[in-house]
Amino acid sequence: MAGNLERAKSGISKQLGRQPGGVFTERILANLLAEHGQEWGLAKSPSTRAFIKFLVEKLDLKVVELRTEQYGRVVRYAWGDYSPYLMALSLKPHGYLSHGTGVFLHGLNDQLPKTIYVNQEQSAKPPGSGLTQERLSLAFSRRQRTSRYIYAFGGYRAVLLSGKQTGALGVEKLRGPQREELPVTGLARTLIDIVVRPAYAGGILQVLEAYRGAKGRVDAGDIVRTLDQLHYVYPYHQAIGFMMEHSGFPEKDWRKLLALGTQFDFYLLHGMKSPKLNKRWRLFIPDGV
């Protein structure tokens, strides 16, 4: 069997090289063996384990361990200079890239982030109860929770998010740095998401930088329509409109957000100490913004 595999090395290498992004799970490798074994001249297919052992030892297929302190490790396989984005997505095959990763892939700033955000939506939840100023202020007085599902690999971190059910609203396909096809939130959705969860974009100053990078590239109507379809209880339009105005969007754009009303005093960030109030947006903001 080993001799047959040795003779098939060229064909196997070519097939591995055809995999966009060069990322493999054990199941993908098993499927490749089943589909192409005869083509490679393997009269009798080896076991998946023996096949993978051969690929690692003889063809330099990389073993990539994605490690997390709390939830153990996950093993993947990589060919050549693999795509870290596809590697992160392999943890949640039905997920998509979002937040700070969307900022990078849309070219909204000059950061080269080593943290990759993968969002897999939760099942639909019943709508929350009516909003009051007291409930809103209490919620934003606390620190915003962040994901503990963080896997480290090859100098990167994959942060797994459990987002609200949206039916992948605003998700599109973009080409990554290696021309690999990646599912990622579109420009309007990305700008909304990073205001809702600024920690997943490097903090509020990086969010502001992303808004400056989006100026002239995004339709304000798309932001309004996307926000409407997301059905948030909290009035995030006040924070988004403020960020648009503060980053230099034309007045006709940010006024579309202002037209949605300012019924409540809102907060740009959770857990702020001694924030100041922007009266136009009825929005509490921290010093330095």
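The values are calculated or read from the model by the stated rules, or taken from the named source; none is laboratory data. Worth saying up front: this structure is predicted, and the values here are computed from it rather than measured. Glycine gets a Cβ as well: all are built from the backbone with ideal geometry, and neighbour counts include every protein chain shown. Side chains are part of the model used for accessible areas, which takes the heavy atoms of the whole protein and leaves out ligands, DNA and RNA. Shrake-Rupley method; radii C 1.70, N 1.55, O 1.52, S 1.80 Å.
So what's the chain giving for Cα Rg divided by 2.2 N^0.38 Å, two decimals? It would help to have the intermediate numbers written out before the result.
Numbers: Rg = 23.1 Å, N = 289, 2.2 N^0.38 = 18.9 Å.
Relative to the rule-of-thumb radius for its length, the chain sits at 1.22.
An ellipsoid equivalent to segment 132-289, defined through the eigenvalues of its Cα gyration tensor, has semi-axes of 26, 20, 15 Å when rounded to whole angstrom and sorted largest first.
Can you tell me what the convex hull of the Cα atoms of segment 201-282 projects to on average, as an area in nm²? Don't jump to the answer; show the numbers that get you there.
Values: hull surface 22.5 nm².
So the Cα hull casts an average projection of 5.6 nm².
Are there any chymotrypsin sites (Phe, Trp or Tyr not before Pro) in segment 23-73 that are in a DSSP loop and have at most 15 other Cβ atoms within 10 Å? List them by number. Could you put the intermediate results ahead of the total?
On the way: sites: Phe24, Trp40, Phe51, Phe54, Tyr71; in loops: Trp40, Tyr71.
The qualifying sites are Tyr71.
Within the listed set Asn278, Asn119, Asn109, the residue fluctuating most in the Gaussian network model of the chain (springs between alpha-carbon atoms under 10 angstrom) is Asn278. Let's test the formula: R0 of 25 Å, r as the Cβ-Cβ distance of Lys114 and Val56. What FRET efficiency results, to the nearest 0.05? My answer for the efficiency is 0.45. Taking every protein chain into account, the accessible area of the chain amounts to 53 square angstrom per residue (probe 1.4 Å).
Here the relative contact order of the chain, from alpha carbon pairs under 8 Å that lie six or more residues apart, stands at 15 percent. Taking square-rooted eigenvalues a ≥ b ≥ c of the alpha carbon gyration tensor, is segment 150-233 rounded, prolate or oblate, where a/c under 1.5 means rounded and, failing that, a/b exceeding b/c means prolate? It is rounded, given that a/c, with a ≥ b ≥ c, falls under 1.5.
Modelled label positions at Leu205 and Ala152, each set 7 Å beyond Cα in the direction of Cβ, lie 2.5 nm from each other. Put simply, the convex hull of the Cα atoms in segment 1-125 casts, on average, a shadow of 10.2 nm². The distance linking segment 1-77 with segment 229-250 is 47 Å (Cα centroid to Cα centroid, whole angstrom).
Restricting segment 1-94 to GluC sites (Glu not before Pro) that sit in a DSSP loop and have at most 13 other Cβ atoms within 10 Å of their own Cβ leaves Glu39, Glu69.
In summary, the aspartates and glutamates within cross-link reach of Lys279, defined as a Cα separation below 20 angstrom excluding same-chain residues under 8 places away, comprise Glu134, Glu245, Glu251, Asp253, Asp265, Asp287.
Trypsin sites (Lys or Arg not before Pro) within segment 125-234: which are DSSP loop residues with at most 16 other Cβ atoms inside 10 Å? Listed in order of number, the matching sites are Arg142, Arg143, Arg145, Arg148, Lys164, Arg179, Lys215, Arg217. The 3J(HN,Hα) values that the Karplus relation (6.51, -1.76, 1.60; θ = phi - 60°) gives for segment 19-29 are, in residue order, 6, x, x, x, 10, 9, 9, 4, 5, 4, 5 Hz. Gly and Pro appear as x. Per-residue ellipticity at 222 nm, computed for the chain from helices alone with -39500 (n - 2.57) per DSSP H run of at least four residues, works out to -11000 deg cm²/dmol. Specify whether the C-alpha gyration tensor of segment 94-200 places it in the rounded, prolate or oblate class, a ≥ b ≥ c being the square roots of the eigenvalues: rounded for a/c under 1.5, otherwise prolate if a/b is larger than b/c and oblate if not. Prolate, because a/c is 1.5 or more and a/b exceeds b/c.
With a Förster radius of 25 Å, plug the Cβ-Cβ distance of Leu230 and Arg175 into 1/(1 + (r/R0)^6) and report the FRET value to the nearest 0.05.
Details: r = 26 Å, r/R0 = 1.04.
Step by step, r from the Cβ atoms, then E = 0.45.
Across all directions, the average flat footprint of the convex hull enclosing the Cα atoms of segment 1-49 is 3.2 nm².
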